[in-house]
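Enquirer: First the structure, which I've put down as structure tokens, then a few questions once you've had a look.
Please treat every number below as a calculation from the coordinates, not as lab data. Small disclaimer: the values here were computed from a predicted structure and weren't measured.
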């Protein structure tokens with residue numbers, strides 16, 4: 001059976017998809033290193049961060065793993081030009097929102113670590129939204145199968 005013909009993706013599509021993949025790999029590395037902190041590693045962190053990591057319940061940890069795994073799979077699917085990429089990016093955003101919802105809502109990180117602690121999480125949420133938007137754009141333009 002003949003596969004449906006899709007529009008050729010422009011070169012910048014591949015560049016953006018590779019940036020998303022690298023971003024996702026960095027997220028996976030950060031997740032792994034943070035969730036495997038030894039007591040000695042934890043002791044090297046500032047006291048407020050030690051408290052945050054020690055107080056973390058399983059829910060935000062699971063959400064963190066889901067967020068980075070879904071983001072990585074979404075990036076791979078985007079490079080494969082699969083329409084499922086957008087769904088995985090949405091799952092990733094949900095994981096991010098659950099994780100940061102715990103940090104900022106339940107743990108009250110802003111009060112404990114200050115407003116500057118929200119800058120990088122805000123960037124992470126923005127990246128997740130950009131991945132969703134971009135994969136939707138790619139689908140609308142016929143670059144995804």
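Enquirer: How high is the relative contact order of segment 13-145? Use alpha-carbon pairs under 8 Å, at least six apart in sequence, and give a whole percent.
Expert: Reported as a whole number, the value is 26 percent.
Enquirer: Between residue 19 and residue 115, what length in nm is gained on full extension when 0.36 nm per residue of separation is reduced by their alpha carbon distance?
Expert: 31.8 nm
Enquirer: Can I ask one more? Identify which of the listed values of semi-axes √(5λ) of the Cα gyration tensor in Å was calculated from the structure shown: [x] 34, 14, 12; [y] 42, 18, 14; [z] 25, 17, 15.
Expert: [x]
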